[in-house]
Amino acid sequence: MQIGIVGLPFSGKTTLFQTLTQTYLDSAAAHKQDAHVAMVKVPDERVDKLGEMFNPKKLVYTSIEFVDVVGLKRDDRNSAQFTNTFLAKVKTNDALLHVVKTFDDPMYPHSEGSIDPVRDVAILEAEFILADMAMAESRIDKLKKQIQKTQDDRDKAELAALEKCYKALEEERPLRTLDISPQEEFLIRGFQMLSQKPLMVVLNLSEAQLGERERMIEEIRTKYAASGIHVDAFAGKIEMEMAQLEDEESEMFMQEYGIQESALNRIIGSAYKTLGLISFLTFGEDECRAWTIEAGTNAQNAAGEIHTDLMNRFIRAEVVHFDDLMKHGSIQACKDEGVWRLEGKEYTVKDGDLMTIRHG
Ligand SMILES: Nc1nc2c(ncn2[C@@H]2O[C@H](COP(=O)(O)OP(=O)(O)OP(=O)(O)O)[C@@H](O)[C@H]2O)c(=O)[nH]1
Ligand SMILES: [Mg+2]
(Lines give C-alpha, C1' and ligand atoms only; values in the text may rest on other atoms or scores of the structure.)
(Ligands and ions follow the chains in the order given, each with its own letter.)
Protein backbone atom coordinates (compact mmCIF):
# COMPACT_ATOMS: atom_id res chain seq x y z
CA MET A 1 0.00 0.00 0.00
CA GLN A 2 1.33 3.38 -1.00
CA ILE A 3 0.23 6.73 0.40
CA GLY A 4 1.18 9.96 -1.36
CA ILE A 5 1.83 13.02 0.80
CA VAL A 6 0.58 16.07 -1.06
CA GLY A 7 -0.07 19.73 -0.29
CA LEU A 8 0.69 23.33 -1.15
CA PRO A 9 4.31 24.58 -1.06
CA PHE A 10 5.89 24.81 2.44
CA SER A 11 2.92 23.16 4.11
CA GLY A 12 5.14 20.63 5.88
CA LYS A 13 5.01 17.59 3.57
CA THR A 14 8.67 16.75 3.94
CA THR A 15 8.42 17.39 7.68
CA LEU A 16 5.59 14.87 7.96
CA PHE A 17 7.41 12.41 5.71
CA GLN A 18 10.44 12.60 7.97
CA THR A 19 8.27 12.23 11.07
CA LEU A 20 6.59 9.11 9.74
CA THR A 21 9.65 7.49 8.26
CA GLN A 22 12.05 8.64 10.97
CA THR A 23 14.47 9.78 8.33
CA TYR A 24 16.25 13.05 7.90
CA LEU A 25 16.58 14.92 4.60
CA ASP A 26 18.32 18.26 4.49
CA SER A 27 16.26 20.78 2.60
CA ALA A 28 18.55 20.86 -0.44
CA ALA A 29 18.28 17.09 -0.79
CA ALA A 30 14.56 17.34 -0.17
CA HIS A 31 14.13 19.33 -3.37
CA LYS A 32 16.54 17.49 -5.61
CA GLN A 33 14.51 14.40 -6.30
CA ASP A 34 11.00 14.20 -7.66
CA ALA A 35 9.72 12.16 -4.79
CA HIS A 36 11.06 10.51 -1.68
CA VAL A 37 9.79 7.06 -0.91
CA ALA A 38 10.13 5.04 2.29
CA MET A 39 8.57 1.90 3.72
CA VAL A 40 7.32 2.20 7.26
CA LYS A 41 6.71 -0.73 9.52
CA VAL A 42 3.19 -0.50 10.96
CA PRO A 43 3.66 -0.57 14.73
CA ASP A 44 1.44 -3.26 16.23
CA GLU A 45 1.56 -3.98 19.93
CA ARG A 46 -0.38 -7.18 19.37
CA VAL A 47 2.49 -8.65 17.37
CA ASP A 48 4.87 -7.69 20.19
CA LYS A 49 2.62 -9.38 22.74
CA LEU A 50 2.35 -12.54 20.64
CA GLY A 51 6.12 -12.52 20.46
CA GLU A 52 6.33 -12.56 24.25
CA MET A 53 3.84 -15.42 24.45
CA PHE A 54 5.11 -17.69 21.67
CA ASN A 55 8.80 -16.81 21.42
CA PRO A 56 8.96 -17.24 17.64
CA LYS A 57 12.10 -16.97 15.52
CA LYS A 58 10.82 -13.73 14.06
CA LEU A 59 8.11 -11.10 14.24
CA VAL A 60 6.66 -9.73 11.03
CA TYR A 61 4.70 -6.47 10.84
CA THR A 62 2.80 -5.07 7.92
CA SER A 63 4.12 -1.99 6.19
CA ILE A 64 2.98 1.12 4.38
CA GLU A 65 4.95 3.03 1.81
CA PHE A 66 4.91 6.82 2.05
CA VAL A 67 5.82 9.10 -0.85
CA ASP A 68 6.72 12.75 -0.37
CA VAL A 69 5.36 14.21 -3.60
CA VAL A 70 7.20 17.36 -4.61
CA GLY A 71 5.78 19.95 -6.89
CA LEU A 72 2.26 21.29 -6.52
CA LYS A 73 2.99 24.84 -7.68
CA ARG A 74 1.03 27.58 -9.38
CA ASP A 75 1.90 27.93 -13.03
CA ASP A 76 4.46 30.73 -13.64
CA ARG A 77 2.53 32.04 -16.63
CA ASN A 78 -1.01 31.62 -15.40
CA SER A 79 -1.28 31.79 -11.63
CA ALA A 80 -4.88 30.59 -11.69
CA GLN A 81 -3.57 27.17 -12.65
CA PHE A 82 -1.35 24.60 -11.07
CA THR A 83 1.33 22.85 -13.06
CA ASN A 84 -0.04 19.43 -13.78
CA THR A 85 3.10 17.32 -13.65
CA PHE A 86 2.26 16.83 -9.99
CA LEU A 87 -1.08 15.20 -10.70
CA ALA A 88 0.48 12.55 -12.89
CA LYS A 89 2.78 11.61 -10.02
CA VAL A 90 0.04 10.79 -7.55
CA LYS A 91 -2.07 8.67 -9.89
CA THR A 92 -0.54 5.41 -8.78
CA ASN A 93 -0.88 6.07 -5.03
CA ASP A 94 -3.56 4.05 -3.19
CA ALA A 95 -4.50 6.98 -0.97
CA LEU A 96 -3.57 10.61 -0.53
CA LEU A 97 -2.58 12.51 2.55
CA HIS A 98 -3.01 16.27 2.24
CA VAL A 99 -0.82 18.30 4.60
CA VAL A 100 -2.43 21.66 5.33
CA LYS A 101 -0.38 24.49 6.76
CA THR A 102 -1.96 25.90 9.89
CA PHE A 103 1.22 27.12 11.59
CA ASP A 104 2.07 30.75 10.95
CA ASP A 105 5.75 31.44 10.54
CA PRO A 106 6.93 34.66 8.83
CA MET A 107 9.97 32.73 7.61
CA TYR A 108 7.70 30.50 5.54
CA PRO A 109 4.74 32.59 4.37
CA HIS A 110 1.73 30.72 3.07
CA SER A 111 1.81 30.36 -0.71
CA GLU A 112 -1.81 31.59 -0.95
CA GLY A 113 -1.13 34.65 1.21
CA SER A 114 -2.96 33.66 4.39
CA ILE A 115 -3.63 30.74 6.73
CA ASP A 116 -7.00 29.23 5.83
CA PRO A 117 -7.25 25.44 6.15
CA VAL A 118 -10.82 25.22 4.82
CA ARG A 119 -9.76 27.02 1.65
CA ASP A 120 -6.64 24.87 1.23
CA VAL A 121 -8.64 21.64 1.40
CA ALA A 122 -10.97 23.10 -1.23
CA ILE A 123 -8.04 24.04 -3.49
CA LEU A 124 -6.77 20.48 -3.67
CA GLU A 125 -10.21 18.95 -3.97
CA ALA A 126 -10.90 21.25 -6.93
CA GLU A 127 -7.61 20.24 -8.55
CA PHE A 128 -8.44 16.56 -8.23
CA ILE A 129 -11.93 17.08 -9.59
CA LEU A 130 -10.70 19.12 -12.57
CA ALA A 131 -8.06 16.55 -13.45
CA ASP A 132 -10.65 13.75 -13.30
CA MET A 133 -13.09 15.75 -15.45
CA ALA A 134 -10.48 16.31 -18.13
CA MET A 135 -9.62 12.61 -18.13
CA ALA A 136 -13.26 11.48 -18.17
CA GLU A 137 -14.16 13.93 -20.91
CA SER A 138 -11.52 12.76 -23.34
CA ARG A 139 -12.32 9.10 -22.66
CA ILE A 140 -16.06 9.74 -23.12
CA ASP A 141 -15.41 11.38 -26.53
CA LYS A 142 -13.30 8.45 -27.65
CA LEU A 143 -15.83 5.88 -26.46
CA LYS A 144 -18.71 7.60 -28.23
CA LYS A 145 -16.88 7.45 -31.55
CA GLN A 146 -15.91 3.86 -30.99
CA ILE A 147 -19.45 2.81 -30.06
CA GLN A 148 -20.84 4.31 -33.27
CA LYS A 149 -18.61 1.91 -35.18
CA THR A 150 -18.70 -1.23 -33.07
CA GLN A 151 -21.80 -1.06 -30.83
CA ASP A 152 -19.71 -2.93 -28.27
CA ASP A 153 -21.55 -3.69 -24.99
CA ARG A 154 -18.53 -3.34 -22.76
CA ASP A 155 -17.79 0.07 -24.25
CA LYS A 156 -21.38 1.08 -23.62
CA ALA A 157 -21.16 0.03 -19.97
CA GLU A 158 -17.90 1.92 -19.57
CA LEU A 159 -19.43 4.99 -21.16
CA ALA A 160 -22.39 4.87 -18.79
CA ALA A 161 -20.08 4.54 -15.78
CA LEU A 162 -17.93 7.45 -16.93
CA GLU A 163 -20.94 9.64 -17.62
CA LYS A 164 -22.17 8.96 -14.11
CA CYS A 165 -18.76 10.03 -12.78
CA TYR A 166 -18.69 13.10 -14.98
CA LYS A 167 -22.06 14.23 -13.72
CA ALA A 168 -20.89 14.04 -10.10
CA LEU A 169 -17.67 15.88 -10.92
CA GLU A 170 -19.66 18.62 -12.65
CA GLU A 171 -21.55 19.06 -9.40
CA GLU A 172 -18.16 19.38 -7.69
CA ARG A 173 -18.58 16.08 -5.89
CA PRO A 174 -15.42 14.00 -5.45
CA LEU A 175 -15.79 10.46 -6.78
CA ARG A 176 -15.02 8.91 -3.40
CA THR A 177 -18.53 9.98 -2.34
CA LEU A 178 -20.22 8.44 -5.38
CA ASP A 179 -22.32 5.31 -4.94
CA ILE A 180 -21.01 2.92 -7.57
CA SER A 181 -21.58 -0.77 -8.14
CA PRO A 182 -18.67 -3.24 -8.09
CA GLN A 183 -19.11 -3.59 -11.85
CA GLU A 184 -18.85 0.17 -12.41
CA GLU A 185 -15.87 0.27 -10.09
CA PHE A 186 -14.21 -2.42 -12.18
CA LEU A 187 -14.81 -0.44 -15.38
CA ILE A 188 -13.30 2.82 -14.10
CA ARG A 189 -10.56 1.44 -11.84
CA GLY A 190 -7.90 1.63 -14.53
CA PHE A 191 -8.24 5.42 -14.81
CA GLN A 192 -6.88 5.88 -11.26
CA MET A 193 -9.01 8.95 -10.73
CA LEU A 194 -7.70 11.28 -8.08
CA SER A 195 -10.94 12.36 -6.42
CA GLN A 196 -11.80 8.69 -5.98
CA LYS A 197 -8.76 7.99 -3.82
CA PRO A 198 -9.28 7.88 -0.06
CA LEU A 199 -8.15 11.23 1.33
CA MET A 200 -6.76 12.11 4.71
CA VAL A 201 -6.23 15.73 5.68
CA VAL A 202 -3.48 16.38 8.23
CA LEU A 203 -3.30 19.86 9.72
CA ASN A 204 0.22 21.01 10.48
CA LEU A 205 -0.12 22.92 13.75
CA SER A 206 2.32 25.11 15.63
CA GLU A 207 3.11 24.30 19.26
CA ALA A 208 0.86 27.15 20.32
CA GLN A 209 -2.07 25.65 18.40
CA LEU A 210 -1.84 22.26 20.11
CA GLY A 211 -4.44 23.30 22.65
CA GLU A 212 -6.90 24.02 19.82
CA ARG A 213 -6.20 20.77 18.05
CA GLU A 214 -9.65 19.23 18.51
CA ARG A 215 -11.51 22.39 17.57
CA MET A 216 -9.48 22.82 14.38
CA ILE A 217 -9.94 19.18 13.36
CA GLU A 218 -13.67 19.42 14.04
CA GLU A 219 -14.00 22.53 11.89
CA ILE A 220 -12.64 20.75 8.82
CA ARG A 221 -14.57 17.60 9.61
CA THR A 222 -17.85 19.50 9.77
CA LYS A 223 -17.17 21.52 6.61
CA TYR A 224 -16.28 18.41 4.63
CA ALA A 225 -18.66 15.95 6.25
CA ALA A 226 -20.11 15.04 2.85
CA SER A 227 -16.73 14.53 1.16
CA GLY A 228 -15.63 11.32 2.87
CA ILE A 229 -12.43 12.90 4.20
CA HIS A 230 -10.65 11.84 7.39
CA VAL A 231 -9.02 14.62 9.37
CA ASP A 232 -6.07 14.51 11.74
CA ALA A 233 -3.42 16.94 12.94
CA PHE A 234 0.22 16.98 13.93
CA ALA A 235 2.59 19.62 15.23
CA GLY A 236 5.22 19.37 12.53
CA LYS A 237 8.18 21.04 14.06
CA ILE A 238 8.16 19.33 17.44
CA GLU A 239 6.80 15.96 16.34
CA MET A 240 9.56 15.60 13.78
CA GLU A 241 12.12 16.24 16.50
CA MET A 242 10.40 13.71 18.76
CA ALA A 243 10.38 11.06 16.05
CA GLN A 244 14.13 11.31 15.85
CA LEU A 245 14.70 10.84 19.58
CA GLU A 246 15.20 7.58 21.45
CA ASP A 247 11.95 6.08 22.76
CA GLU A 248 12.33 7.17 26.37
CA GLU A 249 13.27 10.72 25.56
CA SER A 250 10.44 11.07 23.10
CA GLU A 251 7.93 9.76 25.71
CA MET A 252 9.02 12.53 28.06
CA PHE A 253 8.72 15.08 25.31
CA MET A 254 5.23 13.88 24.42
CA GLN A 255 4.04 14.09 28.01
CA GLU A 256 5.31 17.62 28.24
CA TYR A 257 3.21 18.63 25.22
CA GLY A 258 0.21 16.51 26.16
CA ILE A 259 0.57 14.33 23.05
CA GLN A 260 -0.77 10.87 23.82
CA GLU A 261 0.38 8.87 20.85
CA SER A 262 3.22 9.35 18.40
CA ALA A 263 2.38 10.93 15.04
CA LEU A 264 3.36 7.67 13.37
CA ASN A 265 0.86 5.60 15.36
CA ARG A 266 -1.92 8.15 15.01
CA ILE A 267 -1.52 8.65 11.30
CA ILE A 268 -1.15 4.98 10.52
CA GLY A 269 -4.31 4.36 12.57
CA SER A 270 -6.15 7.02 10.54
CA ALA A 271 -4.76 5.61 7.31
CA TYR A 272 -6.19 2.18 8.14
CA LYS A 273 -9.57 3.73 8.87
CA THR A 274 -9.51 5.88 5.75
CA LEU A 275 -8.68 2.88 3.62
CA GLY A 276 -11.11 0.55 5.38
CA LEU A 277 -8.34 -1.85 6.40
CA ILE A 278 -7.99 -4.21 9.35
CA SER A 279 -5.34 -6.67 10.50
CA PHE A 280 -5.54 -10.29 11.46
CA LEU A 281 -2.75 -12.22 13.12
CA THR A 282 -1.02 -15.56 12.82
CA PHE A 283 1.25 -17.20 15.37
CA GLY A 284 3.61 -20.12 15.62
CA GLU A 285 7.14 -21.19 16.48
CA ASP A 286 8.55 -19.69 13.30
CA GLU A 287 6.83 -16.37 13.25
CA CYS A 288 4.13 -14.21 14.72
CA ARG A 289 2.76 -11.91 12.13
CA ALA A 290 0.18 -9.25 11.23
CA TRP A 291 -1.62 -9.31 7.87
CA THR A 292 -3.61 -6.51 6.29
CA ILE A 293 -6.99 -7.08 4.64
CA GLU A 294 -10.00 -4.98 3.73
CA ALA A 295 -12.73 -4.91 6.37
CA GLY A 296 -15.43 -7.39 5.38
CA THR A 297 -13.04 -9.99 3.91
CA ASN A 298 -14.10 -13.59 4.56
CA ALA A 299 -11.89 -16.27 6.10
CA GLN A 300 -11.12 -17.99 2.82
CA ASN A 301 -9.95 -14.80 1.08
CA ALA A 302 -7.99 -13.79 4.18
CA ALA A 303 -6.22 -17.16 3.96
CA GLY A 304 -5.33 -16.23 0.38
CA GLU A 305 -3.43 -13.25 1.73
CA ILE A 306 -1.07 -15.73 3.40
CA HIS A 307 -0.83 -18.11 0.46
CA THR A 308 -3.05 -18.94 -2.52
CA ASP A 309 -2.75 -22.66 -1.60
CA LEU A 310 -4.37 -21.95 1.75
CA MET A 311 -7.24 -20.26 -0.02
CA ASN A 312 -7.73 -22.95 -2.64
CA ARG A 313 -7.55 -25.83 -0.20
CA PHE A 314 -9.23 -24.03 2.70
CA ILE A 315 -11.19 -26.31 5.05
CA ARG A 316 -11.71 -24.31 8.23
CA ALA A 317 -10.14 -21.53 10.25
CA GLU A 318 -9.30 -21.89 13.93
CA VAL A 319 -10.14 -18.47 15.32
CA VAL A 320 -9.62 -16.77 18.63
CA HIS A 321 -9.60 -13.03 19.19
CA PHE A 322 -6.35 -11.45 20.39
CA ASP A 323 -8.15 -9.81 23.35
CA ASP A 324 -9.50 -13.20 24.49
CA LEU A 325 -6.06 -14.74 24.26
CA MET A 326 -4.64 -11.95 26.41
CA LYS A 327 -7.50 -12.29 28.88
CA HIS A 328 -7.23 -16.05 29.30
CA GLY A 329 -3.50 -16.44 28.84
CA SER A 330 -3.17 -19.40 26.48
CA ILE A 331 -4.84 -21.12 23.53
CA GLN A 332 -5.80 -24.05 25.79
CA ALA A 333 -7.47 -21.69 28.28
CA CYS A 334 -9.38 -20.07 25.37
CA LYS A 335 -10.60 -23.54 24.33
CA ASP A 336 -11.69 -24.27 27.91
CA GLU A 337 -13.56 -20.96 28.04
CA GLY A 338 -15.27 -21.62 24.71
CA VAL A 339 -13.88 -18.50 22.98
CA TRP A 340 -11.69 -20.52 20.61
CA ARG A 341 -13.73 -21.77 17.67
CA LEU A 342 -13.78 -23.23 14.18
CA GLU A 343 -15.16 -21.02 11.42
CA GLY A 344 -16.07 -21.78 7.80
CA LYS A 345 -14.96 -19.95 4.68
CA GLU A 346 -17.77 -17.36 4.82
CA TYR A 347 -16.79 -16.13 8.29
CA THR A 348 -16.10 -12.36 8.24
CA VAL A 349 -12.67 -11.82 9.74
CA LYS A 350 -12.48 -9.21 12.53
CA ASP A 351 -9.64 -6.85 13.36
CA GLY A 352 -7.39 -8.66 15.84
CA ASP A 353 -8.53 -12.20 15.03
CA LEU A 354 -5.82 -14.84 15.41
CA MET A 355 -6.25 -17.42 12.72
CA THR A 356 -4.80 -20.81 11.93
CA ILE A 357 -5.96 -22.13 8.58
CA ARG A 358 -6.78 -25.84 8.27
CA HIS A 359 -6.32 -26.91 4.69
CA GLY A 360 -6.40 -30.04 2.59
N1 LIG B 1 7.36 26.94 12.74
C2 LIG B 1 7.09 25.81 12.11
N3 LIG B 1 7.79 25.53 11.02
C4 LIG B 1 7.51 24.38 10.38
C5 LIG B 1 6.50 23.48 10.81
N6 LIG B 1 6.43 22.45 9.95
C7 LIG B 1 7.35 22.71 9.02
N8 LIG B 1 8.02 23.86 9.26
C9 LIG B 1 9.09 24.47 8.49
O10 LIG B 1 8.55 24.94 7.29
C11 LIG B 1 9.46 24.72 6.21
C12 LIG B 1 8.75 23.96 5.12
O13 LIG B 1 8.46 22.65 5.60
P14 LIG B 1 8.60 21.40 4.64
O15 LIG B 1 8.28 20.20 5.44
O16 LIG B 1 9.88 21.42 3.90
O17 LIG B 1 7.40 21.74 3.65
P18 LIG B 1 7.08 21.08 2.26
O19 LIG B 1 5.61 21.05 2.17
O20 LIG B 1 7.82 19.81 2.10
O21 LIG B 1 7.65 22.17 1.27
P22 LIG B 1 7.94 22.03 -0.30
O23 LIG B 1 8.41 20.63 -0.54
O24 LIG B 1 8.97 23.05 -0.56
O25 LIG B 1 6.64 22.35 -0.96
C26 LIG B 1 10.64 23.93 6.79
O27 LIG B 1 11.73 24.78 6.98
C28 LIG B 1 10.12 23.43 8.11
O29 LIG B 1 11.13 23.33 9.09
C30 LIG B 1 5.78 23.82 12.01
O31 LIG B 1 4.89 23.08 12.47
N32 LIG B 1 6.12 24.98 12.59
MG1 LIG C 1 9.12 19.14 0.62
Only one residue in R316, R266 is over 20 Å from P56 (Cβ atoms) and modelled with pLDDT of 95 or more. Which one?
R316
Residues of the range 324-348 being more than 33 Å from the chain's Cα centre (by Cα) and basic (K, R), which ones?
K335
Count - residues of the range 62-108 that are modelled with pLDDT of 95 or more and of a type outside the set (A, V, I, L, M, F, W, C)
3
Could you tell me which residue of the range 156-166 is surrounded by the most Cβ atoms within 10 Å (Cβ to Cβ), considering only residues that are of a type outside the set (G, A, S) and under 13 Å from I188 (Cβ atoms)?
C165
Counting only residues that are closer than 14 Å to I267 by Cα and near ligand 2 (Cβ under 9 Å from one of its atoms), which one in the range 1-14 is most open to solvent (accessible area, probe 1.4 Å)?
K13
Quick one: in the range 134-153, which of the residues that are surrounded by fewer than 17 Cβ atoms within 10 Å (Cβ to Cβ) and touching a residue at least 24 places away in the same chain (Cβ under 8 Å) is nearest to L187 (Cα to Cα)?
I140
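Could you pull out every one of the helices (runs of 4 or more DSSP H) wholly within the range 210-325 that has 1 or more residues that are touching a His at 6+ places or on another chain (Cβ under 8 Å) and not hydroxyl-bearing (S, T, Y)?
Working: elements: 213-223, 236-243, 247-257, 263-275, 299-306, 308-312.
The helices (runs of 4 or more DSSP H) meeting that bar are 263-275, 299-306, 308-312.
The values are calculated or read from the model by the stated rules, or taken from the named source; none is laboratory data. None of the values given here were measured: they were computed from a predicted structure. FYI the Cβ positions are ideal-geometry reconstructions off the backbone, even for glycines, and counts take in every protein chain you see. What goes into the accessible areas is simple: the full protein's heavy atoms, side chains included, and nothing from ligands, DNA or RNA. Shrake-Rupley method; radii C 1.70, N 1.55, O 1.52, S 1.80 Å.
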